[in-house]
Amino acid sequence: MMLAQSVFRFSEFITVSVLVASVSIFSTRLFLRFAVFLVTRPWRRHRTFTFRRWRMAAKDHSSPPYCVVCLREAEEGEKMRRLTICRHCFHADCIDTWLSVMSKCPLCRAEIPPLPPANPLLSLFFPAGVIDLFTNKESRRVA
């Protein structure tokens, strides 16, 4: 009888331990996902979509998006990007080239946020200068 009670207590201890560990791991993963979401949220620069005339025709009968970088209208199947700041549309290749040089919308000059960091959770704990010091590839080169 005493052996049965000790086996029962041991199995109860193992069950509670596994349950607590599972809840702890799940909570930590959930917290880290939420932290990554909060850190990367302001970094959303644009949304990419493929232009389809039939979707646009269902909504309204206006002209297709016009790219002011290359001065052409969007055609069926082209990859487009809509800036989240001002909601202007451009060809993906055109706006990527533009954003590599400029940090403003080519149409309305709205300021576009910079690219997100490679490890967004590190920015919660370390200032950007420290992260750049260890991640900058040019600083590692020996002259």
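Answer yes if at least one residue in region 66-85 is closer than 22 Å to Phe37 by Cα and at pLDDT below 85, and no otherwise. Yes; the residues of region 66-85 include at least one that is closer than 22 Å to Phe37 by Cα and at pLDDT below 85. Scanning region 31-59 for residues that are surrounded by 12 or more Cβ atoms within 10 Å (Cβ to Cβ), at pLDDT below 60 and more than 26 Å from Leu99 (Cα to Cα) returns a single hit, Met56.
The values are calculated or read from the model by the stated rules, or taken from the named source; none is laboratory data. Fair warning: this is a prediction, and the values are worked out from it, not measured in the lab. All Cβ positions, glycine included, derive from the backbone under ideal geometry; neighbour counts span all protein chains shown.
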